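Scroll down for the structure; my scribbles are underneath it.
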2 protein chains.
Amino acid sequence: MTDVNFSDTLPPEPAASTTAIPIDLIELLFFAYRDFTSDPDAVLAEFGFGRAHHRVLHFVSRNPGLRVTDLLAILRITKQSLARVLKQLVEEDYISQEPGPQDRRERLLFATAKGKALAARLTDLQTQRIRRALTAIPAGGQDIARQFLYHMIDPDQRGDVARLIEGE
Amino acid sequence: MTDVNFSDTLPPEPAASTTAIPIDLIELLFFAYRDFTSDPDAVLAEFGFGRAHHRVLHFVSRNPGLRVTDLLAILRITKQSLARVLKQLVEEDYISQEPGPQDRRERLLFATAKGKALAARLTDLQTQRIRRALTAIPAGGQDIARQFLYHMIDPDQRGDVARLIEGE
DNA sequence: GGAAATAAGTCAATATGACTGACGTAAATT
DNA sequence: AATTTACGTCAGTCATATTGACTTATTTCC
């Protein structure tokens, strides 16, 4: 059976409790996500941007030519919620728009050089945190973590997510 | 080296890409958290509550006698943000307050029977999702996932979190 | 005993990110 | 030509968060 182990590097208090019911994972997910988002948030504040801007910039930067509809499906927000954020990013030259070459109703989204730079800076902060976490866990942990997170996603959404991450 | 493996149960597309730079984990964390919070959100909506109510109710329920200050530190929000949410929960009899026995300035928070029932219902939804994810990953995965998430937390916060999860 | 610090509540004003519902326009599809 | 689609926009609303100032009760420190 699994003995809990927080611990390894700096943790002040190891741990002890067998977990048939993984309530601890609920709380760890909350705290991990809280701190995970805090690094970019600090940088974004300098630019007058929020978390919503980050998400848009991130997915556009990673997926050049993304359509507005795609973004709405990924973020699961409404057109109106996206509008203000996207408008700001376009006006301040972090994202550019182009009509679709086949279908000109579409507005394909691209990160500008400025946009890419900011996105990279934010991604860097987050990969640093992830890398640090990965060094603290056993070999092969990255795959396990990946699989765990992947299976936390709604089953019917996993395909879309996998395709998105792999870049189509 | 690590070959990616999304996949196992239902995933429509396995995967393939070696990841020295774990950008995929950034996105997986986003999607995992998005869906992780969606289950409780749906229930909370029935009660006219939001995510903020959930967080308060959860931590009070898990830690009877928690003080307002503790809650502020855990949630990293301001007193004013907490006030409205906590007030509602107290007024609608999900949480009760008691002056601290040693220090009567303190108001110790407790979940009522009603509060415990709702908290349990929400916890149940989240543990179900986690359990499903754990069955899809190799044995020992739970510990790895726990360690990974734990090390995603700010180093100087880990002790507090460990203590909180273990119940002091 | 009096001053200072602490725990908590409260007021006012504001920002951000989200929502619904309706409507308009251009372009593609049928 | 009619319909559907992609996108934008208007108006109004809500939930969650912020800052800063101020009050009250109580405890602690000198």
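Scanning the stretch B:87-98 for any residue that is near DNA strand D (Cβ under 10 Å from one of its atoms) and more than 22 Å from A:His151 (Cα to Cα) turns up at least one such residue. Here the condition is being crowded, with 18+ Cβ neighbours inside 10 Å, among the hydrophobic types (A, V, I, L, M, F, W, C) and within 16 Å of DNA strand D (Cβ to nearest atom); of B:Leu108, B:Leu82, B:Leu72, it holds for B:Leu108 alone. Just give me the residues in the stretch B:91-105 being within 11 Å of DNA strand C (Cβ to nearest atom) and either surrounded by 15 or more Cβ atoms within 10 Å (Cβ to Cβ) or under 23 Å from the mean Cα position of the chain (by Cα) (or both), in sequence order. B:Ile95, B:Gln97 - these are the residues of the stretch B:91-105 that are within 11 Å of DNA strand C (Cβ to nearest atom) and either surrounded by 15 or more Cβ atoms within 10 Å (Cβ to Cβ) or under 23 Å from the mean Cα position of the chain (by Cα) (or both). Of all the listed residues (B:Ser61, B:Ser17, B:Ser7, B:Ser38), the sole one being within 16 Å of DNA strand D (Cβ to nearest atom) and either surrounded by fewer than 21 Cβ atoms within 10 Å (Cβ to Cβ) or at pLDDT 65 or above (or both) is B:Ser38. Residues in the stretch A:79-105 that are assigned to a helix (DSSP H, G or I) and among the polar types (S, T, N, Q): A:Gln80, A:Ser81, A:Gln88.
Pull up the stretch A:135-156, narrow it to residues that are more than 7 Å from chain B (Cβ to nearest Cβ) and in a helix (DSSP H, G or I), then point me to the one that is modelled with the highest pLDDT. By that ranking, first place goes to A:Thr135. Among the residues of the stretch B:111-135, which ones are within 15 Å of B:His58 (Cα to Cα), without any contact (Cβ under 8 Å) to a residue 40 or more places away in the chain and either over 15 Å from the mean Cα position of the chain (by Cα) or within 16 Å of DNA strand D (Cβ to nearest atom) (or both)? Those that are within 15 Å of B:His58 (Cα to Cα), without any contact (Cβ under 8 Å) to a residue 40 or more places away in the chain and either over 15 Å from the mean Cα position of the chain (by Cα) or within 16 Å of DNA strand D (Cβ to nearest atom) (or both): B:Thr112, B:Ala113, B:Lys114, B:Ala117.
The values are calculated or read from the model by the stated rules, or taken from the named source; none is laboratory data. What you are looking at is a predicted structure, and each value in this text was computed from that prediction instead of being measured. Cβ sites come from the backbone with ideal geometry, for glycine too, and all protein chains shown count toward neighbours.
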